[in-house]
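> My questions all concern the structure below.
FYI, it's all coordinate maths here, none of it is from the lab. Keep in mind it's a predicted model, so treat the numbers as computed, not measured. Note: ideal-geometry Cβ built from the backbone for every residue, glycine included; neighbour counts use all protein chains shown.
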Amino acid sequence: MKYSKKVIEHFTRPHNQGAIEQADGIGTVGNPKCGDIMRIYLKINQNSKGQEVIEDIKFETLGCGAAISTSSMMTDLAKGKTLEEALKITNEKVAEELGGLPTLKMHCSNLAADALKKAIEDYQLKNKK
Amino acid sequence: MSENKKIYLDNAATTATDQEVLQEMLPYFNEKFGNPMSVHSFGQEAMAAVDEAREKVANFFQCSPLEIIFTSGASESNNLSIKGSVRSFQLSHKDKDQKPHVITSSIEHHCVLDTCKSLEKDDLAEVTFLPVTEKGFINLGKLKEAIQPNTILISIMYVNNEVGTIQPIVEIGEFLQKLNQERLEQKLPKIFFHTDATQALNHLDCNIDKLGVDLLSFSGHKIYGPKGIGGLFIRKGTAIRRIQSGGDQEFKLRGGTHNVPGIVGVGAAIEKLSQDQNKSEKIIDLQNYLIERVLKEIPKSNLNGSRENLAPHIVNFRFDGVEGESLLLALDLEGIAVSTGSACAAGALDPSHVLLAMGLKHEQAHSSLRVSLGKNNTKEELDVFVEKLKKIIERLRRISGDVLKDFQ
């Protein structure tokens, strides 16, 4: 099992790591049994066209190298995107942007897009009119 | 020592072959390359080397050379011990209804557990997997309770490879000796005693009469010898049959051309063990130093297992809120090699079966790190390790925040 250079970069210096106080949406995926837990915090705002965009995004992850680097990469991909665009980000896309993941890690640790989706759903639920 | 030099703290996984051992092996690849089973002088020369190695191994275990066979390693020796014992029972009990019973523990190496599970699955044997205490020891009382009229074999490891606990081998041996006398009168099958001593050879007494074992597995590459070679002590009179056919090698118990360079290597390595008397003391000092520093200087750190009856070279730590594979990866990027009980590093779904059997929660098992010391490690290396470890754990805990709280 060997990680790509990009995975190691994101693992060593993760982007957007931390929590957002009074976040507009929060999503947590994974479980302690399998060892990987990811939590995503979102700050949502409207752009000039009146669309909802991810103004800020942060993550907290307890997990292996792949779990941490996919979290970091996903936040890079999602930041600044409209919710509609952000929902199109897939786990596969995150792995691809990282230059691939070891096969074993594709299923157990590649959950960042799921966490993002959950955080967006959380936001949408709270803001239902 | 330069900070850039790599630090190897995974000596329970494997060790580097000693230079002297390697030198002894080299001629047997292309100068003295004969097949020991050949009658001509090339063969005789190779057979003489095999015999000499067998003597060295027998000296170490204080047994007869006729009681030592060479195998490809401890996994094969464990397979042969268990499957070979079951096969022997079957061949001498044609009554198909009577199935033999084997007792082992839930913290054995996978090669023992998987062998036992496959015998169970194939309906060839009944197996009891003994539980362990939270400190990682089998309970002698539980073992006694598990014995059945059809019990033929008990297989308990000498030193656990993940947490380093020393199992009560001498006590089991003494108990079985008495019990087998009673069983003889009751016309019940004798219970043979096997131990996987792979992790014990470097530091513990392996005199087979003191241990009271009938079968003992060992491996070359854990004792500064080569990989792909190991052996099995088989006490004279032990009911065991071959499981690998193909030739008359190894007293007809293991078919296959001798791995002559490997055999020469394991002989040389085992001979050196008796000569390096001081190394255990040095490693005990290092172990104490490591445990004290880590537990004192790293918050929320714990020792998995026991401080008593702990083999000198293995330490298993647990750091709450840190996942083992990420810790291993971060240390590796700093040039430090360790091992983890987390499934994420092994490509398995569940974390260490040993830590789970000791009652740890999954997330605790995932947070575990095994450090295993070797004779070439120094205090300076441990200083570098502890300093790096502190920083990495701090960083990884920052990344994980408090996500675990949702699940508690």
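> How large is the helix-only mean residue ellipticity at 222 nm for chain B, computed as the sum of -39500 (n - 2.57) over DSSP H runs with n ≥ 4, divided by its residue count, in deg cm²/dmol to the nearest 500?
Mean residue ellipticity, 222 nm, calculated: -13000 deg cm²/dmol.
> Per residue of region B:44-58, what does 6.51 cos²θ - 1.76 cosθ + 1.60 with θ = phi - 60° give for ³J(HN,Hα)? Whole Hz please, x for Gly and Pro, Karplus curve as stated.
Karplus values, whole Hz, x for Gly and Pro: 5, 4, 5, 5, 4, 5, 5, 4, 5, 5, 4, 4, 4, 5, 4.
> Now, a different point. Using DSSP to define loop residues, name the trypsin sites (Lys or Arg not before Pro) in region B:233-271 whose beta-carbon has at most 16 other beta-carbon atoms within 10 Å.
B:LYS236
> Please compute the modelled spin-label separation between B:GLU182 and A:SER4, points set 7 Å along Cα→Cβ, answer in nm with one decimal.
Taking the simple label geometry, A:SER4 and B:GLU182 are separated by 6.5 nm.
> Which whole number of Å³ per residue matches the convex hull of the alpha-carbon atoms in region A:5-123?
Here the figure is 91 Å³ per residue.
> Taking every residue in A:26-39, how many Cβ atoms of other protein chains lie within 10 Å of its Cβ, on average?
Neighbouring Cβ atoms belonging to other protein chains average 5 per residue here.
> For region B:118-128, just list the computed ³J(HN,Hα) in residue order, Karplus coefficients 6.51, -1.76 and 1.60, θ = phi - 60°, integers in Hz, with x standing in for Gly and Pro.
Rounded to whole hertz, the list is 5, 5, 5, 4, 7, 6, 9, 7, 9, 10, 10.
> Work from the charge dipole of chain B (Cβ charges, +1 for Lys and Arg, -1 for Asp and Glu, about the Cα centre) and give the residue of B:PHE233, B:ILE270, B:SER372 farthest towards its positive end.
Projecting each Cα onto the dipole axis, the largest value belongs to B:PHE233.
> To continue, here is another question. With chain A treated as a Gaussian network of Cα nodes joined by springs under 10 Å, which of A:MET73, A:MET38, A:MET106 yields the largest mean-square fluctuation?
Between A:MET73, A:MET38, A:MET106, it is A:MET106 that shows the largest mean-square fluctuation.
> Also, quick follow-up: Find, among the trypsin sites (Lys or Arg not before Pro) in region B:45-96, those assigned to loop by DSSP (not H, G, I, E, B) with at most 14 other beta-carbon atoms within 10 angstrom.
Sparse-neighbourhood loop trypsin sites (Lys or Arg not before Pro): B:LYS94, B:LYS96.
> Taking a point 7 angstrom from the Cα of A:GLU97 along the C-beta vector, which residues in region A:49-70 have backbone N less than 11 Å away?
From region A:49-70, the list is A:70.
> Taking only the alpha carbons of region B:278-400, what extent do you get along each of the three principal axes, in Å, biggest first?
41, 30, 25
> Multiply the residue separation of A:LEU87 and A:ASP56 by 0.36 nm, subtract the distance between their alpha-carbon atoms, and state the gained length in nm to one decimal.
Contour length minus the Cα-Cα distance gives 9.6 nm.
> Could you please tell me the mean projected area of the C-alpha convex hull for chain B, averaged over all directions and given in square nanometres to one decimal?
21.7 nm²
> Please compute the average number of Cβ atoms from other chains found within 10 Å of each residue's Cβ in peptide B:314-326.
Average per residue, whole number: 3.
> Then there is this: If you take the alpha carbon radius of gyration of the protein assembly as shown and divide it by 2.2 N^0.38 Å, what ratio comes out, to two decimals?
Compactness ratio reported: 1.14.
> If you don't mind, there's one more thing I want to ask. If each residue's Cβ is checked for other Cβ atoms within 10 Å, how do B:PHE60, B:PHE129 rank with the fewest at the top?
Sorted ascending by nearby Cβ count, the order is B:PHE129, B:PHE60.
> How many nm separate the modelled label positions at B:LYS210 and B:LEU140, each set 7 Å beyond the Cα in the direction of the Cβ?
So the two model labels end up 1.7 nm from each other.
> Distance cut-off 27 Å, Cα to Cα: go down the list B:LYS300/B:LYS388; A:LYS105/A:LYS128; A:LYS2/B:LYS279; B:LYS6/B:LYS405 and report the pairs above it.
Going by Cα-Cα distance, A:LYS105/A:LYS128; A:LYS2/B:LYS279; B:LYS6/B:LYS405 fall outside the 27 Å limit.
> Let me ask another. Assuming R0 = 60 Å, what is the FRET efficiency of B:LYS5 and B:LYS94, from their Cβ-Cβ distance, to the nearest 0.05?
With a Förster radius of 60 Å, E is 0.45.
> Given a Förster radius of 22 Å and the C-beta distance between B:PHE29 and B:ASP276 as r, what FRET efficiency does 1/(1 + (r/R0)^6) yield to the nearest 0.05?
0.25
> Mind checking the angle between helix B:379-400 and chain B's longest principal axis? C-alpha axes, 0 to 90 degrees, to the nearest 10.
So the helix axis and the longest Cα principal axis differ by about 60 degrees.
> I would also like to ask the following. Exceeding 24 Å between C-alpha atoms, which entries from my cross-link table qualify? They are A:LYS126/B:LYS361; B:LYS296/B:LYS391; A:LYS5/A:LYS58; A:LYS43/A:LYS118.
With Cα atoms farther than 24 Å apart: A:LYS126/B:LYS361.
> GNM on chain B, C-alpha springs below 10 Å: top fluctuator among B:SER85, B:SER274, B:SER38?
Result for chain B, Cα springs under 10 Å: B:SER38 fluctuates most.
> Then there's this: Shape of region B:13-78 from its Cα gyration tensor (a ≥ b ≥ c, root eigenvalues): rounded if a/c is under 1.5, otherwise prolate when a/b > b/c, or oblate?
oblate
> Using a Förster distance of 56 angstrom, determine the FRET efficiency expected from the C-beta separation of B:ASP123 and B:GLU55, and round it to 0.05.
It comes to 0.85.
> Any idea how far apart B:GLU387 and B:MET37 come out in nm if each label point goes 7 Å out from Cα toward Cβ?
Roughly 5.7 nm, to one decimal.
> In whole angstrom, and with the biggest value first, how far do the Cα coordinates of region B:82-177 range along each principal axis?
For region B:82-177, the Cα extents along the three principal axes come out at 41, 27, 18 Å.
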